[in-house]
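Visitor: Quick one: the structure is below, and I'll ask about it shortly.
Derivation of every value follows stated rules applied to the coordinates shown; laboratory data play no part. Note that the structure is predicted; figures quoted are calculated from it, not measured. Note that each Cβ is placed from the backbone with ideal geometry, even for glycine, and that neighbours are counted across all protein chains shown.
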Amino acid sequence: MKFFQCLRNKLLILMISLSLLPLCGMAIFSYVVARNQIEERINLSLERMAQDTADKVDLMLRSKKEEIHSMATTYPLIYNSLNSKNRRSLILLLNNYWLNHDGYDALMVLDREGNIVAISSLDPNGSPLPDEKLARILNKNIAAFAEERRLFQESLAGRNSYHDWYRSQMVEILYSYADDDRSHHFNIAFSEPISDPSSREIVGVWLNIVNWSHIQNILDSVEMDLAAQNLRSGYAFMLAKDANTVICHRYRSNRRRERNGSEPEVGDFYRTRLVENHNLRDLREAILNRVRHFAYDPPRSKGKISGIARIDDTSFGWIVGVEVDKGEVFRPIHILSYWLGAAIILLGALAVLLTYIVAEGITIPLRSLIRSASTIASGKLDERVPVRSSDEVGILASAFNDMAGALSAREKQLQELNRNLEKMVRERTIELENSHEALKRAYLDLQNAQEQLVQTEKMASLGQLVAGIAHEIKNPLNFIYGNTRFLADYTQKLQSLVESFEKLPSISDQDRQEIQHMKERMHYSFIREDLKTLIDNFTEGAHRINAIVSDLRTFSRMDTDKLAEVDLHAALEMSLNLLRNQYKNRIEIHKEYGDIPKIRGYAGKLNQVFMNLLSNAFHAIPG
C-alpha cells in the first residue's frame, strides 16, 4: 500500500502506537480498578443501608410490642372490670394512647367473650370518628372479624400474639383509604391478654392495629437518603417471610411523590411475587441463600444492585432490600471513561500534530534530496542539494553533494579514458590490418615459392632452395606468430576494460545511452567480432605457414643417401601438405592408412617419389 511507503506516515503510525497504546492501557486499567472499587463500596453501602433499615423495622416492632405490653398491664391498675360503665373513660384512655403513639389505626379492648368493649374514636387527623362507624364495631363480637379473631383466641389462651401483613376489615369500616397511598390499605396487629392483678386471671384482650404506612415510611426514608446522594433510582423494598411476596415497595398506587421524568410508570408492586410476576427467580434464590448483596437484570428494566438484610424479629421474618440502578452507580465511572477518552483523543491529536511537524522536517529535506538525485541521474551532475540543517539529514545532504562532485569528476575521467581507449583500439586495428596484409603477402609469396619448388625437376637444388626459403620465412613468421598471441590477449583485455567501465554504477543512464550511440556509429560490435576473426585467421595462417616451413625444412634435410627408418604416413602427410595449393578447394582427400610399421629406406628419394606421384595425380584431375 502506498500509505505505508511514506516515511511520514510510518512515523505517524509509530508515534500514535507508542503514545496511545500506553494511554489506552492506563485508561482501561483505571476504569477497571475504579469500577471494582465503586462496586465494592456500593455493595458494602447497600448492605449497611439494608441492615440499618432492617434494624429500624426491628426497633419499630419492638416498640409496638413494648407499647401494647405497657397498655395491657397498665389498664387493670386503672379499671377494676371490663364493662360498659367504664366505656367512656376507657375510650378517652385509648384516644390518649392513640395521640401519644404513632402509626396506629385502632386501639381496642375486648372482654373474655370477645365483645369489643372500647375502641379509639379518632381519625388520622385527630378528629372524632362518626358515631355510625363506631356503632358498627362497639359491642360487636370479634368473631365477626376473622383476621383479628385468631389474635383474640391466642391471647385469651395466655399468649402474646401478632398478625403479619394483612388488610383489616375493621380498619376499612373505620377509615376510607381508597384514594390514599397504597400502604395505608394494609396493617399488622398485636394482641396481649389483660390479667387481673390479684388473681392473675385473664379478663380480656388488648388489641392494637398498626397502619402499614408507618413501616413503609421507614423504607421511603431510604429512598430520600439515596436521592440526597444523587442516586435517584435507589429505593428500599421488603418481602414477606417467604422471600417471594412484595409487602413494601417504591412502586405502589396513589403514592404522593415527585416522579423523575425518565422514570417509567411500572404499576403497583404490592402483593406481587418475585418469581411469578417479575421473573426474578435468581434474586429469590440469592435471598434464600442469605447473600448480602446481589446484582441482577430485571426483564424490561435496567440492571440493579441490591443490598439484602433480614429483620431480627423471627416472628415476622421480613427481608429488607435496598437497590439502585447499575447505570446510576457507575455513572461516575462512565463520566471518567468519557474524560479519559477525551484525554486520549486530545493527547493522541497532540502526538499526531507533533509527529507530523517532526516528520515534515525530515521528509521535506529527503524529498529535496530525491529530486536532486533524480536530476543527477538524468545526467546533470552539477546539481546540488541545499543543506538547511546540521542534523543527520543535513549531513546526508552534504555527503550527497560530495558524492555528486566525485561522480562528476569520475564522469570526466571516464570520458577521457573512453576517448583514449577508442584511439588505442583504432591504432591496434590499423596495426592488425597491416600485419594481416603482410601475412597475406608472405603467405602468397610462400605459395609461389612452393609452386616453384614443386615444379622444379632438380630435387637436389630444390632442397637447398627450400632450406634457404624456410630459413628466411621462419624469422618473420616467428615475429608474426608471437605478436598474434599478444595481440589477441591485448584485444581481450581492452574489450574487458571497456565492458567494465560500462558496468560502473556511477555512470548515469544518459551516459550509457551516449556510449551506446558512439559504439553503434563506429560499429563497435562488428569490430569486436571482426578482430576475433582476424586474430583467428592470423593464428591459423601462422600455424599453416609454420607447418609448411617445418615440412620444407624436413624435406630439405632428406636430401641424403643415408639409409634410415622412414615413417610412410608422415612422408605422405608432408607431401600432401607441400602440395596443398594444388588440390585445395577442388579435390577432397580421403586418408585410409593401414597399420604399416616404419621401414628402412632413403627418406629423400621416397618423398620425391610421393610428391611426383601426387603432383601428377593432382594435375590429372580436372577442375
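Visitor: Hey, if you put +1 on the Cβ of every Lys and Arg and -1 on every Asp and Glu Cβ in segment 216-332, which of PRO299, GLY327, VAL246 ends up farthest toward the positive end of that dipole?
Guide: PRO299
Visitor: At most 13 other Cβ atoms within 10 Å and a DSSP loop assignment: could you name the trypsin sites (Lys or Arg not before Pro) in segment 583-623 that fit?
Guide: Those satisfying the criteria are LYS584, ARG586, LYS591, LYS598.
Visitor: In segment 202-303, which GluC sites (Glu not before Pro) are in a loop and have at most 15 other Cβ atoms within 10 Å, using DSSP for the loop call?
Guide: GLU258, GLU265
Visitor: What is the dipole size for segment 170-215, taken about its Cα centre, with +1 at each Lys and Arg Cβ and -1 at each Asp and Glu Cβ, in debye to the nearest 20?
Guide: Roughly 120 debye for segment 170-215.
Visitor: With +1 on each Lys and Arg Cβ and -1 on each Asp and Glu Cβ, how big is the dipole of segment 216-332 about its Cα centre, in debye rounded to the nearest 20?
Guide: Its charge dipole is roughly 120 debye.
Visitor: Here's another thing I want to ask about it. Using the 10 angstrom Cβ neighbour count as an exposure proxy, how do HIS163, HIS293 rank, fewest first?
Guide: HIS163, HIS293
Visitor: For ASP242 and ARG112, what does the FRET efficiency come to when R0 = 25 Å and r is the distance between their Cβ atoms, rounded to the nearest 0.05?
Guide: Once the sixth-power term is evaluated, E becomes 0.10.
Visitor: Could I ask something else about it? Once you charge only the Cβ atoms, +1 for Lys and Arg and -1 for Asp and Glu, what is the size of the charge dipole of segment 558-623 about its Cα centre, to the nearest 20 debye?
Guide: Value, rounded to 20: 180 debye.
Visitor: Right, something else. Can you give the net charge of the other residues whose Cβ lies under 10 Å from the Cβ of ILE535, counting K and R as +1 and D and E as -1?
Guide: Here the charged neighbours net out to -2.
Visitor: If you rank ASP445, ASP58 by fewest surrounding Cβ atoms within 10 Å, what's the result?
Guide: ASP445, ASP58
Visitor: Follow-up question, since we're still on this one. Give me VAL498, VAL320, VAL358, VAL33 sorted ascending by neighbouring Cβ count inside 10 Å, so fewest comes first.
Guide: If I rank by nearby Cβ atoms, fewest first, I get VAL33, VAL358, VAL498, VAL320.
Visitor: Between beta-carbons, use under 14 Å as the cut-off and find the net charge around ILE319, counting Lys and Arg +1, Asp and Glu -1.
Guide: -3
Visitor: Give me the extension gain from ARG441 to MET518: residue separation times 0.36 nm, minus the current Cα-Cα distance, reported in nm with one decimal.
Guide: Here the answer is 24.3 nm.
Visitor: Of the cross-linked pairs LYS56/LYS133; LYS562/LYS584; LYS56/LYS302; LYS532/LYS584; LYS584/LYS605; LYS412/LYS519, which ones have a Cα-Cα span greater than 22 Å in the structure shown?
Guide: Over 22 Å Cα-Cα: LYS56/LYS133; LYS562/LYS584; LYS56/LYS302; LYS532/LYS584; LYS584/LYS605.
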